[in-house]
Amino acid sequence: MNNIIGIFRNSNYTKLFFATFTSQMGGTIGLTAFTFYLLDRFSSQPAYATVTELMFSLPTLAVFFLVGVFADRLDRRKIALYCDWICAGLSLIFLLLLSVDIMPLIFGLLFIRSAIRNFFFPAEAALVQGILSSDDYTTAAGLNQMVSSLFMLFGSGMGVFCYWTFGIEGAIAIDMVCFIISGFLIKSTQFTEEIRLPNGRHTLKDLNVSLVIKDFSSGFLYLIRNKLLLTLISGFVLFGIVNGGFSVMQVFILKYKLEPLDYEKYAVLLGIIFGLGVLIGSIIASVLAKKLKLHHMLIIGLLISGTATIFGALVNSTVLYMCGLGIVALSLPLVNVSLGGWLPSIVDPKMMGRVQGCINPVMMLSQSLTLFLIAVLYPSFVTIEMLYLIVGSCLVLVGFFYMMILPKFINQEHAQKKKEVVAL
């Protein structure tokens with residue numbers, strides 16, 4: 001608790017913390033409402049809901065080679081600020097397009113908005129790394145996980161609530177307001193030039209094709225040469241499958257198996273359970289991070305969450321399903337906090353944006369492929385139970401993969417650091 005109070009005394013961190021929260025809310029309320037809007041309007045075509053999720057993940061593959069370079073070469077504070085305000089403007093256009101009701105235009109707008117949002121998180125992560133000490137990284141990772149849990153708890157639930165109360169237009173308007181608030185919070189921060197521009201001053205004109213390719217290549221080579229970092233990131237391929245599956249599976253299992261008549265109400269309840277579970281799990285993970293080695297906590301979280309996900313495929317009771325999902329929610333923060341506290345401590349601050357720029361496309365590629373396959377194969381060729389079995393197995397496989405590989409590279413890194421100390 002003292003660590004949490006300590007980092008909140010840093011006003012820049014506090015503002016970034018709440019800016020990230022409101023920006024995430026802005027990215028999910030309208031999208032959640034739009035998913036339910038499509039399920040209501042095109043109830044016989046679940047592929048529309050999957051396409052909506054694809055418009056959230058596919059843009060990462062279109063801009064992945066730019067986001068890290070931008071975060072490392074341009075003003076990180078301005079990138080985060082402009083992302084929020086541009087997304088607010090796009091949300092306004094979203095409102096106008098709804099009246100036209102041409103689905104390709106709406107999906108195209110969602111694609112562009114998601115592409116812009118991809119530039120926010122590498123810049124924000126690099127700013128946080130610059131204003132905290134290495135001892136605070138795990139605490140900050142725990143707080144970020146709490147942000148995600150609150151966002152799950154209130155974001156998805158509020159999306160459905162706003163859809164019921166104000167309609168799809170009201171939900172998208174709240175999206176717009178959230179982006180504006182986040183932008184003003186970032187505008188009120190003050191960072192040194194070293195944090196904002198760790199690689200010196202550059203403008204958009206400086207970022208020609210050759211420089212972008214050179215910078216992205218240097219980030220990729222940095223990642224490849226660091227075996228521990230490469231091993232951690234390789235697991236993100238299966239994390240993408242998990243994210244892609246969970247983004248639609250929970251609604252599908254309620255609508256098409258467990259609660260077909262009242263799936264919206266149960267979706268809200270499920271969001272509350274999942275959000276509370278992640279919130280409680282975040283607190284537990286922050287405490288365990290001080291007592292366990294991070295790689296042990298990572299492996300335990302993967303194995304528990306994977307087993308609980310498989311359990312969800314095998315039950316026919318809504319209560320038992322929600323119990324299983326609650327266990328998943330409690331255990332996932334062990335994974336996220338361990339990774340979030342670990343990565344900043346092994347990545348050079350000058351390379352943080354490019355490393356983040358490599359992580360996201362790896363995960364989003366597998367997430368997009370998963371969503372594409374779900375859109376094509378479900379429900380004609382695969383059942384909802386099969387989807388849960390696949391996702392749960394991926395989590396368990398990553399857990400065993402890390403169990404076998406990580407200790408070796410951790411020992412190698414410790415040995416290398418001892419050699420460097422002796423050389424000094």
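The values are calculated or read from the model by the stated rules, or taken from the named source; none is laboratory data. Everything quoted here is computed from the prediction, not taken from an experiment. Here Cβ is always computed from backbone atoms with ideal geometry, including for glycine, and neighbour counts include all displayed protein chains. Note: accessible area is taken over every heavy atom of the protein model, side chains too, but ligands, DNA and RNA are not part of it. Shrake-Rupley method; radii C 1.70, N 1.55, O 1.52, S 1.80 Å.
Just to check your reading of the model, which residue among Val362, Val391 is part of a helix (DSSP H, G or I), aliphatic (A, V, I, L, M) and crowded, with 23+ Cβ neighbours inside 10 Å?
Every option except Val391 fails the conditions.
Got a number for residues in region 59-96 being modelled with pLDDT under 75 and of a type in the set (A, V, I, L, M, F, W, C)?
3
Do any helices (runs of 4 or more DSSP H) entirely within region 165-263 hold 2 or more residues that are farther than 20 Å from Gly353 by Cβ, and if so, which?
Ranges flagged: 227-234, 236-253.
Listed residues Leu109, Leu90; which is out of contact with any Pro (no Cβ under 7 Å at 6 or more places or on another chain), in a helix (DSSP H, G or I) and over 17 Å from Met25 (Cβ atoms)?
Leu109 is the lone residue from the list that is out of contact with any Pro (no Cβ under 7 Å at 6 or more places or on another chain), in a helix (DSSP H, G or I) and over 17 Å from Met25 (Cβ atoms).
From the list Gly324, Gly341, Gly357, exactly one residue is more than 23 Å from Leu132 (Cα to Cα), touching a Gly at 6+ places or on another chain (Cβ under 8 Å) and either assigned to a helix (DSSP H, G or I) or in contact (Cβ under 8 Å) with a residue 40 or more places away in the chain (or both). Which is it?
The conditions single out Gly324.
Name the single residue that is most open to solvent (accessible area, probe 1.4 Å) among those in region 264-308 being of a type in the set (Ser, Thr, Tyr) and under 15 Å from Ala329 (Cβ atoms).
Looking at the filtered set, the residue picked out is Thr307.
Which of the residues that make up region 225-254 are in contact with a Leu (Cβ under 9 Å, 6 or more places away or on another chain) and open to solvent by 30 Å² or more (accessible area, probe 1.4 Å)?
Residues satisfying the conditions are Leu230, Val237, Leu238, Ile241, Ser247, Gln250.
May I ask you to list the residues in region 365-384 that are open to solvent by 80 Å² or more (accessible area, probe 1.4 Å) and either in a helix (DSSP H, G or I) or among the β-branched types (Val, Ile, Thr) (or both)?
Within region 365-384, Leu365, Leu369, Phe372, Leu373 qualify.
Just a yes or no: is a residue in region 3-16 open to solvent by 40 Å² or more (accessible area, probe 1.4 Å), modelled with pLDDT under 80, among the hydroxyl-bearing types (Ser, Thr, Tyr) and more than 23 Å from the chain's Cα centre (by Cα)?
For region 3-16, residues open to solvent by 40 Å² or more (accessible area, probe 1.4 Å), modelled with pLDDT under 80, among the hydroxyl-bearing types (Ser, Thr, Tyr) and more than 23 Å from the chain's Cα centre (by Cα): absent.
Considering only residues of region 119-143 that are surrounded by fewer than 23 Cβ atoms within 10 Å (Cβ to Cβ) and either modelled with pLDDT of 85 or more or aromatic (Phe, Trp, Tyr) (or both), which is nearest to Ile283 (Cα to Cα)?
Going through the qualifying residues, I end up with Tyr137.
Pull up region 309-321, narrow it to residues that are part of a helix (DSSP H, G or I) and among the β-branched types (Val, Ile, Thr), then point me to the one that is surrounded by the most Cβ atoms within 10 Å (Cβ to Cβ).
Thr309
Report yes if Asp175 is in contact (Cβ under 8 Å) with a residue 40 or more places away in the chain and either crowded, with 20+ Cβ neighbours inside 10 Å or in contact with a helix residue (DSSP H, G or I) (Cβ under 6 Å, 6 or more places away or on another chain) (or both), otherwise no.
When the stated conditions are applied, Asp175 passes them.
Which pairs have Cβ atoms under 8 Å, sit 6 or more apart or on different chains, and link a residue in region 153-165 that is at pLDDT 75 or above and open to solvent by 10 Å² or more (accessible area, probe 1.4 Å) to one that is part of a helix (DSSP H, G or I) and hydrophobic (A, V, I, L, M, F, W, C)?
Listed pairs, sorted by first residue: Phe161/Val268; Tyr163/Ala33; Tyr163/Phe36; Tyr163/Ala171.
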